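Here's the structure we're looking at; comments come further down.
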Amino acid sequence: MKRYPLLLMSLLLVLCASAWASPAYVQSNSNCNFFGTSATTVTVGGSSATTCPTSTGWASNVTAGNTIAGFVWRKTGSGTLNSVSDGGDTCVAVNTSGTAGTSNAMLLYGFYCYNVAGGNKPTVTLTFSVSENFWYAVVQEFSGTATTSPLDGSAFVGMSTTGGGTNAATTGNWTTSTNGDYIIGGFIDDGGGMASAADVSAGSTSQSWTVRFGPDVTHSEAMVTEDGVQTAASATTVIAFTTTVGSNPLLGAMAFKPPPIPPNLTQGGHLTVGGKVTAE
């Protein structure tokens, strides 16, 4: 008879551990406007394909509790990101004044919505202070991040002209504070020198990066995103991209922390009740 409580505790341990799994990529979506109607709003998401060559809309409904986050760049060279909405969840604008590139002065911004209700294919609406008719937006969904105050750091950098090479485009060092962060990075060439999708690829730093969106080289700017999970927090966190040609990189990065380990699930994987180990 004593074996049943132990089996129950073991099952609870498995369920608790799975609830705090490592953050993971789910899906991406994009939208763009190349010299179309000028407006103060940018939309990305939804269920339908857009005019962007690589966009198909969300492949499936987003999952409750997940985070959706991304980047948007605008060619106007001015404007503040005033608000972000996906129709019901808590959404946050990041780098609201935008970071300018060093060639055409395009501006790059970030955004995210967290602990989403799920069960739908949300359209994210970003509202700016200035109208624009040339922009690109990418958003992706990921699981396993905190459902309250998830952002753990960000970096936005406009680099001067660089030659091609491994990690030629980089944010430089920035700080994360929590182990196990999910980091998403964005790249666009402010100089418009990317002629082929092979001209830009994932960087090669102390952690592994995977390209999730792009490169889209329709107008030679090559919008690309990559992501990875950072095992240990660091004051020398770096997002990097490898290029084969010279560019004027405009880069963004955002880190999202995992949820805290509950008090009854210790780091060693022991389930405790009232401070006593009940299953190992």
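The values are calculated or read from the model by the stated rules, or taken from the named source; none is laboratory data. Please read all numbers here as calculations on a predicted model, not as lab measurements. Methodologically, a virtual Cβ is constructed for each residue, glycine included, from the backbone with ideal geometry; neighbour enumeration extends over all protein chains shown.
Quick notes on this structure:
- Cβ-Cβ under 6 Å pairs, at least 6 apart or on other chains, the stretch 150-176 side at positive phi, far side assigned to a strand (DSSP E or B) and surrounded by 20 or more Cβ atoms within 10 Å (Cβ to Cβ): GLY153/ALA255; ASN167/ALA240
- In the stretch 99-134, of all residues being surrounded by 21 or more Cβ atoms within 10 Å (Cβ to Cβ) and modelled with pLDDT under 90, the one that is farthest from ASN31 (Cα to Cα) corresponds to GLY101.
- Given (1) touching a Leu at 6+ places or on another chain (Cβ under 8 Å); (2) under 20 Å from VAL26 (Cβ atoms); (3) not basic (Lys, Arg), index of the condition PHE213 fails: (1)
- Residue pairs meeting the criteria (Cβ under 7 Å; at least 6 apart or on separate chains; first touching a residue at least 12 places away in the same chain (Cβ under 8 Å), in the stretch 59-85; second in a loop (DSSP other than H, G, I, E, B) and hydroxyl-bearing (Ser, Thr, Tyr)): GLY65/THR147; THR67/THR145
- Put simply, of TYR112, TYR136 the only residue that is in contact (Cβ under 8 Å) with a residue 60 or more places away in the chain and closer than 16 Å to MET254 by Cβ is TYR112.
- Evaluation of SER208 against the conditions (1) modelled with pLDDT under 95; (2) in contact with an Asp or Glu (Cβ under 8 Å, 6 or more places away or on another chain); (3) among the small types (Gly, Ala, Ser) shows that the sole unmet condition is (2).
- Scanning the stretch 212-239 for residues that are in a strand (DSSP E or B) and modelled with pLDDT under 90 yields ARG212, PHE213, GLY214, PRO215, ASP216, MET223, VAL224.
- Test: MET194 is at pLDDT below 85, buried (at least 24 other Cβ atoms within 10 Å of the Cβ) and either more than 17 Å from the chain's Cα centre (by Cα) or basic (Lys, Arg) (or both): yes
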